[in-house]
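The values are calculated or read from the model by the stated rules, or taken from the named source; none is laboratory data. Quick caveat, the model's predicted, so the values are computed rather than measured. Positions of Cβ are generated from backbone atoms using ideal geometry, with glycine treated the same way; all protein chains shown enter the neighbour counts. Keep in mind that these areas ignore ligands, DNA and RNA; they rest on the heavy atoms of the full protein, side chains included. Shrake-Rupley method; radii C 1.70, N 1.55, O 1.52, S 1.80 Å.
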Amino acid sequence: MSTIIRASAPAKVNLVFEVGQLASDGYHPVNSLFFALDLREELTLVKGEPGTGISIYVHGDSIPEAHINAVPTDHSNLVHKTAVLFAQKLGKATPDLQIDIHKRIPVAGGMAGGSADAAAMLVALNEFMHQEHGTEKLSIEELAVIGAELGSDVPFCLYGSLAIGTGRGEVITPLEGLSFETNWLLCASSKGLSTPTVFAAFDELDTETQFTDLAELSKTSSATELGSRMTNDLEQAAFSLMPSLSQQVRELEELGAIRAMVSGSGPTIAALFESEAKAIEVSKALNSQGVVALTAKGGAQGARLDG
Ligand code: ATP
């Protein structure tokens, strides 16, 4: 029977996203409080016939079709890059694989969709290469080192839960989870925002940032307190590129969100609600107006094998 491996990885929101000045390496240092949501990408790997290479199939019905169509299925898909890099690190040939990606995370939405796919792929490949080629399984720390070469958010998608990300966001310090439940509503946009474009707009705004103690902030005791301490240095830059976002943030707060904020580089808006019932009620109202609004709970597990 052919080898089949299933794995999944969570979306992220940045509860706090502090961005420093552009450094000489062309990157911005960040100080971020990452939080994983139970909106999971699901990946299935099936061993391909010898010599058939890698084929990728992307689908999903909870996000707009335009998002699914925006995901490449060739060698530029992050999952394809992950397979090539992982095999290279093990000193093996890239395996022949049929890869099925069930997408639930809005694409180019600042929620690390591609990075979650890469993280799930790393976990799946770790198992696949062990079963098929007898390679030693790598630890999460070792997978995170490879993940950082693929994208700054990949290490966090491996760890999940709650963590501080520094460097470019790829240096992860895992934290104890929050002591209370969080309920989220994610408002996806039909158009994406490219992360580099948002950082370029941030540079134009010439903002001064002080990095804060995020470990201390993670000890907040209620959703209301957390909401009052959420910040995103990229939010004004995202607003400048997509002015409708600031109105959406206001509207979500008027509809009862404790706090609504652009997620990472946007344009998805993450809104924190006091209860799951309220988040679902608002999402239904928005869905009936044609807005893609997804609900999720916070504190999800990182990338894992699924039975
Ligand atoms: P981040 O929050 O990590 O900055 P994002 O969530 O804003 O990322 P992604 O959904 O990862 O953005 O997609 C960014 C771009 O990457 C897409 O426009 C797409 O062309 C490309 N891409 C490559 N592989 C994938 C993948 N597996 N899933 C989604 N997008 C991918």
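Whether a residue is at pLDDT below 95, within 18 Å of His59 (Cα to Cα), within 7 Å of the ligand (Cβ to nearest atom) and surrounded by 17 or more Cβ atoms within 10 Å (Cβ to Cβ) was assessed, and Val107 passes this test. Evaluated against (1) surrounded by fewer than 21 Cβ atoms within 10 Å (Cβ to Cβ); (2) within 19 Å of the chain's Cα centre (by Cα); (3) at pLDDT 95 or above, Val46 falls short on exactly one condition, (2). Annotation note: Cβ proximity below 6 Å between a residue of segment 112-136 that is outside any helix (DSSP H, G or I) and a residue that is away from the ligand (no atom under 16 Å from the Cβ) and open to solvent by less than 10 Å² (accessible area, probe 1.4 Å) (sequence gap 6+ or interchain) occurs for Thr135/Met129.
Can you go through Ser218, Ser228, Ser161, Ser222 and tell me which one is surrounded by fewer than 13 Cβ atoms within 10 Å (Cβ to Cβ) and in contact (Cβ under 8 Å) with a residue 24 or more places away in the chain? Unique residue meeting the criteria: Ser228. A search for C-beta distances below 8 Å between a residue of segment 272-283 that is at pLDDT below 95 and any residue that is in a helix (DSSP H, G or I), counting only pairs 6+ apart in sequence or on different chains, returns nothing. Please count how many residues of segment 218-272 are part of a loop (DSSP other than H, G, I, E, B) and farther than 18 Å from Asn31 by Cβ. Residues that pass the stated criteria total 11. For segment 147-157, filtered to residues that are open to solvent by 10 Å² or more (accessible area, probe 1.4 Å) and either away from the ligand (no atom under 15 Å from the Cβ) or part of a helix (DSSP H, G or I) (or both), the residue that is nearest to Lys47 (Cα to Cα) is Leu150. For segment 147-167, the condition holds for no residue, the condition being that it is of a type in the set (D, E, K, R) and more than 30 Å from Val262 (Cα to Cα).
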